[in-house]
Amino acid sequence: MRFAGIIGAMGLAALLGGCAVHSSEAVKTLPSDMIKQARIYTITVKSVPDNVSSGFKPELESMLRLGMDDCAQGQSWLNLEVTVIQLKKSDAGKAFLVGDSNVVKGQARLVDPTSGAVVGDYDIGYSVGGGGLAAALAMSQAESSMARGFAKQVCDTAFPGHPRFRRLG
Amino acid sequence: MKIQLIAAVAVMGLGMAGCATREDVVPVPYKVHGGAQIGAGVHVTVTVNDARTTDRTKIANKTNGYGMEMAAIRADRGVADIVKDAFEAELKSRGFAIGTGGSNATVAINNFYGTFQSHLFSGDALGDVKFHVSVMSPAGASAYDREVDVIGKLEGIQLASGSNAATALSDGMSKALDTLFADPAFVAALENHGAEQASSSKAGS
């Protein structure tokens, strides 16, 4: 029984290890009143890595629009500028055998449209990892899940405490 | 049985969370390489700008076995100060003097970030260091302009820790500065404008 318990614990721990984590940080945070009053007007994805498909950029823009409409519902318009610098896609075989991860990293900037000043500046990082068949399958749609994860991270980091993700899930 | 199982999960959870989820704040050591005494007391002003566009608040992230980014690893002081001190130490060790009256060397730090690679029995820490270096004459004319992009490496590590990332970045910094000082055009830019300034000072005096 004790052995079975240990095996069970290891299995649970392995499941716990195969999850999503973020490494996002604010370089310049929005003033607290702006966090409550902001609303995103334009969303510009300035650049994406070379290794992504042509569908990634529009999908990211779409996810960002959904996320921003949920988490920034004020009356003060801001523009969002996003740069994605890395999208590492997991290798299915490696993920199945020993575990692997999808990683997306980039930058998000909130710009005051009237002055052009950067009022919020964030490094965005999001990883999903795991091992085994379930993890390999879950990570197979890397671009789609990383676009969604990136958008969630922008919401979480720039607009903490706001109701969000009603449509991003 | 249930209690034993929960306890085992809790202990394993703590074990997994112990290192990778705790931030490290570490010094980034630098050992001066030095070189031939080429400076002859010529003055050089050094300006270092932190021009990183990503990972601007940290120098690395711990990673777990799947390659996921975990807790941040931060330097115990500003990256620009670390690079400035290293650059000035290399200049002094070659006989240059730090101060006004000669060339102006500017280093823009475009990347200064450590990553970890895992292999079967050990791993490597990599320090990605990217500088844009320019040298201006005292009159403000461009004398040198170059991108230096190197990877520092610390092989055979067991932990994705802050000290290992710092050592790899220190190695990257050494390689970047070695690359610069091995470039005759860089040394000439420092020396010539310093010499011009020295001769014009003499002529004026």
- Task: Name the long-range amide H neighbours of A:V119: under 5 Å, sequence gap of 5 or more, or other chain; modelled H, no Pro or chain starts.
- Result: A:L110, A:V111, A:D112
- Arranged by the count of other C-beta atoms within 10 angstrom, fewest first, what order do B:T63, B:T47 take? B:T47, B:T63
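My understanding is that a pair violates if its Cα-Cα distance is over 22 Å; which of A:K46/B:K84; B:K130/B:K153; A:K28/A:K152; A:K28/B:K31 do that in this structure?
Values: A:K46/B:K84 32 Å; B:K130/B:K153 14 Å; A:K28/A:K152 18 Å; A:K28/B:K31 33 Å.
Check vs 22 Å cut-off fails for A:K46/B:K84; A:K28/B:K31.
What does the average come to when, for each residue of peptide A:92-100, you count the partner chain Cβ atoms lying within 10 Å of its Cβ? It would help to have the intermediate numbers written out before the result.
On the way: counts 0, 0, 2, 1, 0, 0, 4, 5, 4.
Average per residue, whole number: 2.
Using unit Cβ charges (K, R positive; D, E negative) and no other charged atoms, how large, in debye to the nearest 20, is the dipole of region B:134-196 about its Cα centre?
Values: 3 positive and 9 negative charges, 38 e Å.
It works out to roughly 180 debye.
Given 0.36 nm per residue, what is the gain on full extension from A:Q73 to A:E25 after removing their alpha carbon distance, in nm? Could the numbers behind the result be given before it?
Details: separation 48, 0.36 × 48 = 17.28 nm, distance 2.19 nm.
Separation in residues times 0.36 nm, less the Cα-Cα distance, equals 15.1 nm.
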- Note on the structure: With label points set 7 Å from each Cα along the Cα-to-Cβ direction at A:S32 and B:D85, the distance between them in nm comes to 3.6 nm
- Message: How large are Rg and Dmax for chain A when calculated on the C-alpha trace, in angstrom?
- Response: 18.0, 68
- Query: For region B:57-62, what does the Karplus curve 6.51 cos²θ - 1.76 cosθ + 1.60, with θ = phi - 60°, yield as ³J(HN,Hα) per residue in whole Hz, taken in order and with x for Gly and Pro?
  - Reply: 10, 8, 10, 5, 10, 5
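Ignoring trypsin sites (Lys or Arg not before Pro) that are buried or in helix or strand per DSSP, and keeping those with at most 16 other beta carbon atoms within 10 Å, what is the longest stretch of chain A between them? Present the calculation step by step, with values, prior to reporting the outcome.
On the way: sites that count: A:R166, A:R167.
Counting at most 16 other Cβ atoms within 10 Å as exposed, the longest clean stretch of chain A is A:1-165.
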- Task: Obtain the nm distance between the two label points defined at B:L159 and A:V118 by a simple spin-label model: each point lies 7 Å from its Cα along the Cα-to-C-beta direction.
- Result: 3.4 nm
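Sorted by average packing, counted as other Cβ atoms within 10 angstrom per residue and highest first, what order do B:72-78, B:130-136 take?
Working: B:72-78: 16.6, B:130-136: 20.4.
By packing density, highest mean first, the sequence is B:130-136, B:72-78.
A short reminder: the numbers here are calculations on the coordinates, not readings from a lab. Computed from a predicted structure; not experimentally measured. All Cβ positions, even for glycine, are placed from backbone atoms using ideal geometry, and neighbour counts span all protein chains on display.
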